[in-house]
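Below is one structure; the comments refer to it alone.
The values are calculated or read from the model by the stated rules, or taken from the named source; none is laboratory data. Because the structure is a prediction, the values reported are computed rather than measured. Ideal geometry is used to build each Cβ from the backbone, glycine not excepted, and the neighbour counts take in all protein chains shown. Only protein heavy atoms, including side chains, enter the accessible area calculation; ligands, DNA and RNA are left aside. Shrake-Rupley method; radii C 1.70, N 1.55, O 1.52, S 1.80 Å.
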Amino acid sequence: MYCEQCGKFNEEGTNYCSSCGSPLIKMQTGDGKESKITEDPPVEKKHEEATSEELKALERELHQLNRSSRPRIAFSAAVLVLIAVVILLAVQVPKRYGPEQDARGFEIAMLSGNWSEAYGYLFFEEEPSTYLSAEMFETVRERTGADGFRSLSLEEISSTADKKIYSAVYETSEGTKNNTITMVRTGNKKLLFLNEWKVDLSTVSASGISIAVPSEADILLNGLSPESEGVENLQEQSTVYTFDRLFTGVWTAELNAENRAAYYTDVEIAAEDNAFVSLAGAELYPDQELMDAILAQFVSDYQAILENSVNRQDFSAVEQYFAEAAIAEGRAQNMYANACSQAYDPETGSGILRYELSDITASFVSTVRSGYAEPGDLVMEIQSVMTYSYLDEGMEKSDTQTSVGLLCYHQENGQWKIQSFS
């Protein structure tokens, strides 16, 4: 028999449900006897029991579905977050780390005098030469100086896939100035995916710079020798050295020649390729040792010429003291003839008998002051006191005078010879 309340099956003869304790319903039969219900459980109870089982099965199915779908939902959410991050990076990172920001950082470093930081922005396709080293960049820029700035703005004026050019306008105490910055894509990556951009060397250097120096001189730039041999220019009497690339700014040129004092001068390299700088007119004065030697030689040479002139010797007696060009062009002969014309003449009974030189000083001057000077010649202004004795109407007299003359010495076969004297 089944309980009407809970649907539990109970054994025959049971008056109360073994599950819920409810009294079991008894029914009268036709013969007047009591009979207990022995049919199947009530339809309602069956339905409730089936519904309960279905709900439980549905709950189990939903739970299983929920457990299996959780990883997929989490993965989808992670993908969406990643996509959002990538989009954000793609938009914001180029703005923060792109070529414009690098150009700005470079210009600020240059204007502020942070040369080491500025050098770090430069792009070198290969290992830089000594002329393009960080040390040389700092030396040149330090001598050139920094402008400083109050405000700075950048504007892109040209753009390709591999090159971007910006115009930098900045305010200084001297007014508004501007520079052009060229950025190039290096082919490398930074931050895993972002293209690396660096400052092209053309922004701070020039290529194919030629510097002409006197033909007898060598050149050092900031203490460095040229990377290639010089080419002699006979017409200009100079030697031309070409430098592949130099930083723009102020360099120190040092010219050296044998027995000459070092000559120093500033050379400003502008942002112009294939520029020509001429130092061919630089005056290389002798060092102190040569000055002393030349002055002593002049005193000896000149005294010998004067002594031969008062004795009216032939020019062959003094030819050894003159340069070949001076002899070939007749200058030497004219000079000696003029000295001989003042010597004592027995026929007239007058003229100079002897000379004495004293208090001789020499100062080296520009070769342009002598119309006969050649490259490497030494031009000196000679000041001396000359005392000479002479006969006048049979009487010996003496006189003293201070003279200033322009002497040009020329070197031949290792010996200095008189080129001109006036």
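Data overview
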quantity	calculated
Net dipole in debye of segment 184-302 [+1 Lys, Arg Cβ; -1 Asp, Glu Cβ; about Cα centre; nearest 20]	1040 debye
Segment 238-370, accessible surface, carbon-and-sulfur percent (1.4 angstrom probe)	44 percent
Peptides ranked, highest mean first, by Cβ atoms within 10 Å: ranges 248-259, 145-156, 176-187	248-259, 176-187, 145-156
Accessible surface, segment 365-404, averaged per residue in Å² (probe 1.4 Å)	57 Å²
Per residue accessible area in Å² of segment 211-348, where ligands, DNA and RNA are left out and the probe is 1.4 Å	53 Å²
Full-extension gain in nm, GLU171 to SER159, via 0.36 nm per residue minus C-alpha separation	1.8 nm
